[in-house]
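Input: a single structure, listed below in structure tokens.
Derivation of every value follows stated rules applied to the coordinates shown; laboratory data play no part. These figures come from a predicted structure and were not determined experimentally. Cβ: placed from backbone, ideal geometry, glycine included. Neighbour counts: every protein chain shown.
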Amino acid sequence: MAIQAATRRVATFSGLGAILLWAVLALFTAGTGAIPPFQLTAMTFCIAFLAALLKWIMTGTDLRRLLKLPRAVWLLGVGGLFGYHFFYFLALKNAPPAEASLIAYLWPLLIILFSALLPGERFHWFHIAGGGLSLLGAGLLISKGEGFNFAAENLTGYAAAICCAFIWSSYSVLSRRFASVSSDAIGLFCGATALLALFCHLAFEETVLPATVSTWASVLALGFGPVGVAFFLWDKGMKHGDIQLLGVLSYLSPLLSTLILLSVGVAVFSWSLLAGCLLITGGAAVGSYPVFRAFSKAGKA
């Protein structure tokens, strides 16, 4: 039991590591300039795949074993990684970014709800309360306190954003069903996602090559961090960690992202930003109630 608990804690921290890496996603993406989204997706996922390939070569990993994964695993992995990004870009193209982003960011709350269906998991009020508070805070950060104007003409974009939320939450929760599959498989999914994104780029976009060293650095940073290592860490967290707690803590990503953008002068301070930060922090605290309770008991022991 002690070994299982330790494994669960390590996996939960791995998932938290992914959340922290996603906090710099906006900063690095801003550094990529005018590179169109599908091209950027193809480039960054290709970098993630090449990094995984180098690791496999160095460790002597049997690639034939990875390539023989069940079809359901391939469908889940590629569908989750590429499907989320495809519908997210479709949402941004057909709806205002604030509304589309808020709807897409329902995925942490959906993870909390869907995870209750997994064997050994139970529905807890503090996870829902924490996720709800954090969602309100994310709404304030995304809207910048200006509210949302959901209009009928943007229904296509809203529908795509809903698909984003359901795809990523379903991918995350269903990963637990394939807990025995090594996280090395994520490297293959990154390669497949890069190819599919390349096809979409060639079909819908004009190629824009990075013109400066800083732009290339931002692309490389994305490929190694928020698009690379983060997905491997998230896979471990979803398969073996506290999935409901990670759902709540996922709202720390927009909070930390905003604070980072604020620190480098990209974002501007406002009272709505402060309120959003407080709501997300409060939601994370409420959702982490069992953790605080465990520390309290350990201190009294």
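Packing-wise, with mean Cβ within 10 Å as the measure, how do 77-84, 142-149, 110-117 rank, highest first?
On the way: 77-84: 21.9, 142-149: 13.9, 110-117: 19.5.
Descending packing order for the listed peptides: 77-84, 110-117, 142-149.
Step through the table entries Lys93/Lys144; Lys93/Lys239; Lys55/Lys236, compare each Cα-Cα distance with 23 Å, and write down the pairs that go over it.
Numbers: Lys93/Lys144 20 Å; Lys93/Lys239 33 Å; Lys55/Lys236 17 Å.
Going by Cα-Cα distance, Lys93/Lys239 fall outside the 23 Å limit.
Run the dipole for the chain about the Cα centre, Lys and Arg Cβ at +1, Asp and Glu Cβ at -1, nothing else charged, and hand back the magnitude in debye, nearest 20.
On the way: 17 positive and 10 negative charges, 238 e Å.
Computed about the Cα centre, the dipole is about 1140 debye.
Nearest 0.05, what FRET efficiency do Leu117 and Leu67 give at R0 = 22 Å with Cβ-Cβ as r? If you can, show how the numbers build up before the last one.
Details: r = 30 Å, r/R0 = 1.39.
It comes out at approximately 0.10.
Could you put Met43, Met238 in order, starting from the residue whose Cβ has the fewest other Cβ atoms within 10 Å? Don't skip to the end; give the middle numbers.
Values: Met43 23, Met238 26.
In order of increasing Cβ crowding within 10 Å: Met43, Met238.
For the chain, just run the numbers: alpha carbon Rg, then divide by 2.2 N^0.38 Å, N being how many residues it has.
On the way: Rg = 19.2 Å, N = 301, 2.2 N^0.38 = 19.2 Å.
The reported ratio for this selection is 1.00.
Could you tell me the distance between the Cα centroids of segment 123-173 and segment 3-19, to the nearest Å?
25
By Kyte-Doolittle mean hydropathy of at least 0.0 and Cα axial length of at least 18 Å, which whole DSSP H helices of the chain are selected? All intermediate terms of the calculation are to be shown ahead of the outcome.
Working: long enough: 2-22 (30 Å, 0.95); 37-59 (33 Å, 1.48); 71-94 (32 Å, 0.92); 125-143 (27 Å, 1.41); 155-174 (28 Å, 1.44); 185-204 (29 Å, 2.06); 271-287 (24 Å, 1.64).
Passing helices, by number: 2-22, 37-59, 71-94, 125-143, 155-174, 185-204, 271-287.
Could you give the nm distance between label points at Leu274 and Ala179, where each point is 7 Å from its Cα heading toward the beta carbon?
Each label point is offset 7 Å from its Cα along the Cβ direction, giving 4.4 nm.
Can you compute the FRET efficiency between Leu259 and Phe13 using 1/(1 + (r/R0)^6), with r the Cβ-Cβ distance and R0 = 30 Å? Round to the nearest 0.05. The partial results should precede the final answer.
Values: r = 21 Å, r/R0 = 0.69.
It comes to 0.90.
Nearest 500 deg cm²/dmol is fine: what mean residue ellipticity at 222 nm does the chain get from its DSSP H runs of n ≥ 4 alone, each adding -39,500 (n - 2.57), divided by its residue count? Can you show the working numbers first?
Numbers: 16 runs with 226 residues, N = 301.
Only helices count here, giving -24500 deg cm²/dmol.
In which sequence would Asp184, Asp242, Asp62, Asp235 go, from the one with the fewest C-beta neighbours within 10 Å to the one with the most?
Values: Asp184 18, Asp242 23, Asp62 10, Asp235 28.
Exposure proxy ranking, most exposed first: Asp62, Asp184, Asp242, Asp235.
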